[in-house]
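The values are calculated or read from the model by the stated rules, or taken from the named source; none is laboratory data. All values reported here derive from a predicted model rather than from experimental measurement. Methodologically, a virtual Cβ is constructed for each residue, glycine included, from the backbone with ideal geometry; neighbour enumeration extends over all protein chains shown.
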Amino acid sequence: MGLLKTIFGKKTSSSKDFEKMPPVYGGNAKSIKTAAIINCAAMSTAHNLIDHFISKLHGQKDSDWKRSVEHFVNDPCVLEFTVRAIGVNLSSGEKITYFFNLARPMSATKKLMKAMGKMPEGI
């Protein structure tokens, strides 16, 4: 328990608020300002949640749609590159971009990397 507390810090009362929220909530992911919020602490889970979100809208991944270009958004209204733009190519030929707020999984990853000495303290 000591190592986990060192890596992730003390639990705050707001962590209980995260547990009450659904895995994906917030906006419709159609713009930076309406980014869907991914509620998990692991990037691998975040990727699965994003795929599930898109699949609910467009069908089966890799047959009805495929991921294309992905990048973190560099915008004055987005703090610390926490919003990720996911390009989607539909089987119909249409191209769509969805936006997801990854602040929670990014925060956990950042703390873990700092604890492992892989990230400078000032970041």
Among residues of region 95-123 being modelled with pLDDT of 60 or more and of a type in the set (Gly, Ala, Ser), the residue farthest from the chain's Cα centre (by Cα) is 117
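Wholly within region 52-103, which strands (runs of 3 or more DSSP E) include no fewer than the required count, namely at least 3 residues that are touching a residue at least 40 places away in the same chain (Cβ under 8 Å) and within 25 Å of residue 41 (Cβ to Cβ)? Steps first, please.
Details: elements: 65-72, 83-90, 95-101.
Answer list for region 52-103: 95-101.
Quick grid of which residues meet (1) hydrophobic (A, V, I, L, M, F, W, C); (2) surrounded by 13 or more Cβ atoms within 10 Å (Cβ to Cβ); (3) under 13 Å from residue 88 (Cα atoms):
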| position | (1), (2), (3) |
| --- | --- |
| 26 | no, yes, no |
| 43 | yes, yes, no |
| 47 | no, yes, no |
| 58 | no, yes, yes |
Scanning for something under 14 Å from residue 102 (Cα atoms), surrounded by fewer than 14 Cβ atoms within 10 Å (Cβ to Cβ) and touching a residue at least 40 places away in the same chain (Cβ under 8 Å), does region 31-38 turn up at least one residue?
-> yes
Those residues of region 72-94 which are surrounded by 12 or more Cβ atoms within 10 Å (Cβ to Cβ), modelled with pLDDT of 85 or more and of a type outside the set (Ser, Thr, Tyr) amount to 72, 73, 83, 84, 85, 86, 87, 88, 89, 90
